[in-house]
1. Out of (1) modelled with pLDDT of 95 or more; (2) in contact with a helix residue (DSSP H, G or I) (Cβ under 6 Å, 6 or more places away or on another chain), what's the single condition that is false for residue 37?
2. Could you please tell me which pairs satisfy a Cβ distance under 6 Å, a separation of 6+ or placement on different chains, a first residue in the range 80-102 that is more than 21 Å from residue 404 (Cα to Cα), and a second residue that is assigned to a strand (DSSP E or B)?
3. Being under 18 Å from residue 288 (Cα atoms), modelled with pLDDT of 90 or more and surrounded by fewer than 20 Cβ atoms within 10 Å (Cβ to Cβ): is that true of residue 265 here?
4. Considering only the range 423-431, I want to know if a residue exists there that is touching a helix residue (DSSP H, G or I) at 6+ places or on another chain (Cβ under 9 Å), farther than 23 Å from residue 237 by Cα, at pLDDT 95 or above and surrounded by fewer than 18 Cβ atoms within 10 Å (Cβ to Cβ).
5. Inspect the range 48-71 for any residue being buried (at least 24 other Cβ atoms within 10 Å of the Cβ), in contact with a strand residue (DSSP E or B) (Cβ under 8 Å, 6 or more places away or on another chain), modelled with pLDDT of 95 or more and part of a helix (DSSP H, G or I) and give the result as yes or no.
6. Name the one entry in 258, 271 that is surrounded by fewer than 21 Cβ atoms within 10 Å (Cβ to Cβ), touching a strand residue (DSSP E or B) at 6+ places or on another chain (Cβ under 7 Å) and over 19 Å from residue 307 (Cα atoms).
7. So which of 117, 104 is more than 20 Å from the chain's Cα centre (by Cα) and farther than 15 Å from residue 73 by Cβ?
8. What's the total number of residues in the range 324-353 that are part of a helix (DSSP H, G or I) and under 21 Å from residue 289 (Cα atoms)?
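The values are calculated or read from the model by the stated rules, or taken from the named source; none is laboratory data. Treat the numbers as computed from the prediction; the structure is a model and nothing was measured. Cβ atoms come from the backbone with ideal geometry, glycine included; neighbour counts cover every protein chain shown.
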């Protein structure tokens, strides 16, 4: 859901996810026994692939285009380069510099993805794949057979089921252990209250400085091709303690110019025609979201709009920015810039200058690339000087806790995080055409997406 596509991560997380906000981000429970992770040892002789005495060769795969249209994922490559630059400037990893040969576009095609990775592993002899950020269906067989460590945005459960895939937000898409941060994030912002430490509920009335002055009714508008997100959002709202007055998944994914009928339906469903206290917009584009919000405002709606992701370009648009003013954005797994992560953002800007891109606007793609690159750097550092796929498997999958980046990215615990999501988020408000961090980076518990029960041993710290 990056725009990079600003909707992508919300969509993918919401498709199979439910999260329960907790009072604090406590230490992760380590998984013992059967991890539910597969992958074998790989039959090929990969003991020295991509690793020399002084270098580690790494390449990436991205869906930079989809249906011939750009996704914004090209920025992921730049963020990756910047993070690896920092590591190499500091001397590398255990005496080896990173030889990053860049990422290639798979166009969202499973066949192209496989062809890309086969070339990178078999011909170019890379040790690992990072970044990995694809829309394509993933067949993990080749990665398992060749023992290919892969670090990035893991959204396919086929990949989550393999011990060779390390997700920067854990396993985003798992039909059993799942999460969505949208309900808890907006509830936290609107009430200004911490959740109940036992139940996770946020039942306090809406704070008086946020419109409307009271109430906790919740509505969602999304497109018809994303109707599958609705059941999990319902579970999330129930556990947070918010009343779900309408979940509308009837908007066609393209071709809509008049949103008045959708707005009217939601207004009639909530609070006697006044509409919901808060509303999550999960439509295919920022323009669609803005058009829907305008339709709601036109009917007198005074509630709080919530969007997903990080889309700085929209705030520079004379057409879009005025409507977005005052809206709330939440981001899953990466912190908006604020006092708690200023040092990280300063480091990113410095690194961008170091790779020849000074003054570049920090996009969500850059943040995603930085995040996945940081994870592989932490992982390879943990493995040590004896860097082989077999030793990486032994070290990281026998109990690797990584703290993430303070205020910026999630703590993870492998092997648990192969199958569990890391349910962390951040909230920003659009003020004077800029994102202003409204809450610090926050984490919650993982729920069973069908029963709503809290899952013991969730991934987040």
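1. Going through (1) modelled with pLDDT of 95 or more; (2) in contact with a helix residue (DSSP H, G or I) (Cβ under 6 Å, 6 or more places away or on another chain) one by one, residue 37 breaks only (1).
2. 96/55; 96/56; 97/55; 99/55; 99/57; 100/58; 101/59
3. Numbers: under 18 Å from residue 288 (Cα atoms): yes; modelled with pLDDT of 90 or more: yes; surrounded by fewer than 20 Cβ atoms within 10 Å (Cβ to Cβ): yes.
Answer is yes for this residue.
4. So the first thing to find is which residues in the range 423-431 are touching a helix residue (DSSP H, G or I) at 6+ places or on another chain (Cβ under 9 Å), and the list is 423, 425-427, 429-430.
So of that shortlist, the ones also farther than 23 Å from residue 237 by Cα come out as 430.
Narrowing further to those that are at pLDDT 95 or above: 430.
Going one step further and asking which of them are surrounded by fewer than 18 Cβ atoms within 10 Å (Cβ to Cβ), we end up with none.
No.
5. No: zero hits.
6. On the way: 258 fails: touching a strand residue (DSSP E or B) at 6+ places or on another chain (Cβ under 7 Å).
Within the list 258, 271, the selection yields 271.
7. On the way: 104 fails: farther than 15 Å from residue 73 by Cβ.
That would be 117, the only listed residue that is more than 20 Å from the chain's Cα centre (by Cα) and farther than 15 Å from residue 73 by Cβ.
8. Pass one, the range 324-353, residues part of a helix (DSSP H, G or I): 324, 342-353.
Imposing the further condition that a residue be under 21 Å from residue 289 (Cα atoms) reduces the set to 324.
Of the residues in the range 324-353, 1 are part of a helix (DSSP H, G or I) and under 21 Å from residue 289 (Cα atoms).
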